[in-house]
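Beneath this line is the structure, given in structure tokens, with notes to follow.
The values are calculated or read from the model by the stated rules, or taken from the named source; none is laboratory data. Note that the structure is predicted; figures quoted are calculated from it, not measured. All Cβ positions, glycine included, derive from the backbone under ideal geometry; neighbour counts span all protein chains shown. For accessibility, only protein heavy atoms count, side chains too; no ligands or nucleic acids. Shrake-Rupley method; radii C 1.70, N 1.55, O 1.52, S 1.80 Å.
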Amino acid sequence: MRVPLLDLKRQYRQIKDECLRVTGEIYASQQFIMGPYVEALERDISNYCEAEFAVGVSSGSDALLIALMAADIKDGDRVITTPYTFFATAGSIRRLGAIPVFVDIETDTYNIDPAAIKSVLDKMTAAEKQTVKAIIPVHLYGQCANMNPILDLAESLNLVVIEDAAQAIGSIYKGKRAGTMGDFGCFSFFPSKNLGGFGDGGIVITNSENFYEKLKILRVHGGYPKYYHQLIGGNFRLDALQAAIVSVKLGYLDQWTRGRQENAATYRALFNAAGLDQVIDLPVEKQERHIYNQFVIRVPQKRDALRQWLNECGVGNEIYYPVPLHLQSCFADLGYSAGDMPDSEKAADETLALPIFPELEPEEMEYVVDRIKAFYS
Ligand SMILES: *Cc1c(COP(=O)(O)O)cnc(C)c1O
């Protein structure tokens, strides 16, 4: 048997006719940039995410970048974030000349640890603390970070909060949807996300009308009115084709999310029955609605050998992420070294993502767990 980490062809079979119809309409209209499909998606996403406003953009990475630009983050400012995330979270900060301040994670959820934020701030000089302007919590793997203490801290220090919700669309924390708790929520339509396009795309949500207006201007090079520039933005536009596809898929998102959650429950039952609890830690569900963009197990012993074995058995898997961002060579100038973020470094050495996509068959999950059991016995 071969079990892929992700098989989007199975999803496409379900939506093919609708995708061909909407994209056909766009081919006929020959209007590819922005326009009614993008506006419709912005309405649909703001409804789905329970936010006031949404601005479609070119990618999840650009969603983070444009949010930081709208928050006026610039050269020398400091932005607190986690080192255990996709590169774009910190890359977007650094691209603006700002300084990522990394804070270690909780060992069970892999999300930024609010208590550690406080101790990092306490260790700063008063002058350094003055330059801290924002915080980017990441809702990793589909589960929200522990937002209330983060929001309290941000309020007391007057920090902008930008939620990196690229892996967490529709995830819920204490009754609130991912992306609506901070000043901005950033989402990605990269095909492997729970709501993916047929290419790159992203969206920023906000409840602030001021930020909404600024995002719209920054998206078109900062020109307002057209060809008059008070701001320097970029080309952060979303294609009509991507918007139309994502709108079609949004209609299925809750059904697909249920499929992922059911698969997670199936894995739990299979892992418990296999008696692997001494060697493997399963994902912890701490917040209300984990949407399982990834199903990530922790394997303290022989993770890399297990990985090689699964590859030989045809079981798709991945390490998200093998190098925590404070140890990336492009950030060497920030002065971090190995041992600075022990829990992120440990997670990078021990985690492994297994197939969890909604169309996965029970027999496939049985095979995955059976192969892992075989490895340890
Ligand atoms: C995917 C992802 C991004 C970037 O999204 P792109 O659309 O690929 O640019 C940013 N942050 C996190 C946590 C992600 O998973």
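One table, with the values for the structure above:
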quantity: Pairwise centroid distance, computed over Cα atoms, of segment 1-50 with segment 69-120, Å; calculated: 32
quantity: Residue list for segment 76-108, given a label point 7 angstrom along the Cα-to-Cβ vector of S156 and an amide N cut-off under 17 Å; calculated: 80
quantity: Normalised alpha carbon radius of gyration of the chain [divisor 2.2 N^0.38 Å]; calculated: 1.00
quantity: Cα centroid separation, segment 283-309 to segment 194-265 (Å); calculated: 28
quantity: Accessible surface, per residue, of segment 300-371 when the full set of protein chains is kept, probe 1.4 Å, Å²; calculated: 45
quantity: P(r) of segment 254-376 over all Cα-Cα pairs, binned every 10 Å from zero, in whole percent; calculated: 12, 40, 31, 14, 3
quantity: Local net charge near C19, Cβ-Cβ under 15 Å (Lys/Arg +1, Asp/Glu -1); calculated: +2
quantity: 19 Å Cα-Cα reach of K176 towards lysines, excluding residues that sit fewer than 8 places from it in its own chain; calculated: K286
quantity: FRET efficiency, F87 to A265 (Cβ-Cβ, R0 35 Å, nearest 0.05); calculated: 0.65
quantity: Summed side-chain charge close to Q294 - residues other than Q294 whose Cβ falls under 13 Å, Lys, Arg +1, Asp, Glu -1; calculated: +2
quantity: In sequence order, calculated HN-Hα J values of segment 324-332 (Karplus, 6.51, -1.76, 1.60; Hz; x Gly/Pro); calculated: x, 5, 5, 9, 6, 5, 5, 9, 4
quantity: Probe 1.4 Å, accessible area per residue of segment 128-211, Å²; calculated: 32
quantity: ³J(HN,Hα), Karplus 6.51/-1.76/1.60, whole Hz, each residue of segment 283-292, x for Gly, Pro; calculated: x, 9, 9, 9, 9, 4, 9, 7, 9, 6
quantity: Listed residue pairs exceeding 20 Å between alpha carbons, taken from K133/K216; K16/K249; K74/K346; K16/K193; K129/K214; K216/K249; calculated: K133/K216; K74/K346; K129/K214; K216/K249
quantity: The chain: relative contact order in percent, alpha carbon pairs under 8 Å with at least 6 residues between; calculated: 22
quantity: Per residue solvent-accessible surface (Å²) - segment 1-84, probe of 1.4 Å; calculated: 48
quantity: Residue-count net charge about P358 - beta-carbon cut-off 14 Å; Lys, Arg +1, Asp, Glu -1; calculated: +1
quantity: Rough spin-label spacing in nm, given labels placed 7 Å along Cα→Cβ, for Y252 and Y228; calculated: 4.6
quantity: Rounded, prolate or oblate (a/c below 1.5 giving rounded, otherwise prolate when a/b exceeds b/c) for segment 128-281 by Cα gyration tensor; calculated: oblate
quantity: Under 5 Å, built H, 5+ apart or other chain: amide partners of E318; calculated: A353
quantity: Modelled FRET efficiency - R0 30 Å, I33 with D7, Cβ distances, 0.05 increments; calculated: 0.45
quantity: Accessible area of the chain belonging to carbon and sulfur atoms, whole % at 1.4 Å probe; calculated: 49
quantity: Solvent-accessible ranking of F331, F86, F53, largest area first, probe 1.4 Å; calculated: F86, F53, F331
quantity: Within the chain, helix-based [θ] at 222 nm, where runs of 4 or more DSSP H residues each add -39,500 (n - 2.57), nearest 500; calculated: -13000 deg cm²/dmol
